[in-house]
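The values are calculated or read from the model by the stated rules, or taken from the named source; none is laboratory data. Being a predicted model, the structure only gives us computed values, none of them experimental. So basically every Cβ, Gly included, is an ideal-geometry build from the backbone, and we count neighbours across all protein chains shown. These accessible areas exclude ligands, DNA and RNA; they are computed on the full protein's heavy atoms, side chains included. Shrake-Rupley method; radii C 1.70, N 1.55, O 1.52, S 1.80 Å.
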Amino acid sequence: MGLMVETGALHAPRPGTGAASYAPIPDAVLAALTADDSSSFHAQIAQQCLDLDCFFVWTDPKSGVVCLRSPTQLAAFYAATGCLAVLLALGADVLQQSPDDQTTALHAACSGCSSSNTTLAIRGLLNAGARLDVLDKYGRTPRDLLPLEAAQVGTASSPAVLLWAGAVGG
């Protein structure tokens with residue numbers, strides 16, 4: 001499933017600033033993100049002068065819920081580890097919370113949990129300073145959002161083990 005993005009300007013307050021953010025996201029950026037094409041993604045960020053910590057309207061393909069997400073949160077949701085590495089290297093804020101539901105990138109990675117790269121995305125976020133104790137608007141921690149099958153503690157590198165143990169080593 002692809003991303004659905006509102007094409008008009010978004011008026012979403014940025015955490016801590018109270019200022020409005022107007023962030024329609026270009027299709028080429030989304031395409032690079034969903035394909036985890038880190039080279040193209042990096043080039044698009046530079047070409048579009050994309051604010052790494054902006055928010056845009058996005059429809060969760062699993063639930064159909066429309067919400068605000070940053071590029072880092074979406075890279076985490078899709079376990080796009082190459083794009084996530086680019087964002088982190090450029091200084092994207094892993095602790096940033098979405099203004100509508102206070103979701104962090106770690107919450108997004110756990111709720112996405114859609115590929116074998118999810119564990120790598122979680123590990124990368126933890127190494128970059130993501131916190132396990134941040135609550136979203138509904139009082140949930142990132143580990144609360146792991147799908148049941150991912151929450152089964154099976155291997156030492158499963159998402160559940162990383163979150164319950166707080167492991168950040170690689």
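The slack between residue 51 and residue 65, meaning 0.36 nm per residue of separation minus the straight C-alpha distance, is 2.7 nm.
Atom-type composition of the exposed protein surface of segment 24-73 places 52 percent of the accessible area on carbon and sulfur (1.4 angstrom probe).
Just the accessible area for residue 138, please: 1.4 Å probe, Å², rounded to the nearest 10? In the full protein context, residue 138 sits at about 140 Å². Does anything in segment 60-89 have its amide N under 18 Å from the 7 Å Cα→Cβ label point of residue 137, and if so which residues? Zone members listed by number: 60-71, 73-74.
Subtracting the Cα-Cα distance of residue 144 and residue 95 from their residue separation scaled by 0.36 nm leaves 15.9 nm.
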